[in-house]
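Heads up: the structure comes next, in structure tokens.
Only the coordinates and a few stated rules stand behind these numbers; no lab work does. Because the structure is a prediction, the values reported are computed rather than measured. Methodologically, a virtual Cβ is constructed for each residue, glycine included, from the backbone with ideal geometry; neighbour enumeration extends over all protein chains shown.
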Amino acid sequence: MSWQRRGDVMRAVDTNIVVRYLTADDQTQASRAKAVLDAGQVFVSTTVLLESEWVLRSAYGFATDEIAAALRALAGLPGLFVENPSLLAEALHGVERGMDFADALHFGTSSSCDAFLTFDRRSINLARDAATIHVTEP
């Protein structure tokens, strides 16, 4: 589904809304975040998803599979519009194959290019099986 504006009101949310919704670590803010998301007509940018993954992993210690499940569930909420749903799906697919979420997003947004150049050997090796772009060293 496209993220293009639907109806009269479309509100974008910040990472802290997403994280409070997913972790409920502060009950007052979690309730407010849930009310925002339950009301619908909410836009979540790719950069907010990227930052949310980082916060969940580094600050909350979520495992990769927990993050993937949480972001999928978030993206599936009624009235929630992800900036680029196919990019998110592709990135989560890469994550499930061991890729870093940020790298998977980089590869996905660069898929119309001939190659993605990096010095990161781990990313190159993981991308062989999971990326839709040729990832190599310069």
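What to note about this one:
- Take every pair of alpha-carbon atoms less than 8 Å apart whose residues are at least six positions apart; their mean separation over the length of the chain yields a relative contact order of 20 percent.
- Extension gain, S31 to H93: 0.36 nm times the residue separation minus the Cα-Cα distance gives 19.3 nm.
- Its DSSP H runs of at least 4 residues, each contributing -39,500 (n - 2.57), put the calculated 222 nm mean residue ellipticity of the chain at -17000 deg cm²/dmol, to the nearest 500.
- Simple spin-label estimate for D65 and D129 in nanometres, 7 Å along Cα-Cβ: 1.6 nm
- Sparse-neighbourhood loop sites, chymotrypsin sites (Phe, Trp or Tyr not before Pro) in the stretch 33-138 - DSSP loop, at most 13 other Cβ within 10 angstrom: Y60, F119
- Here is the tail figure for the chain: Cα pairs spaced more than 28 Å apart come to 22 percent of all pairs.
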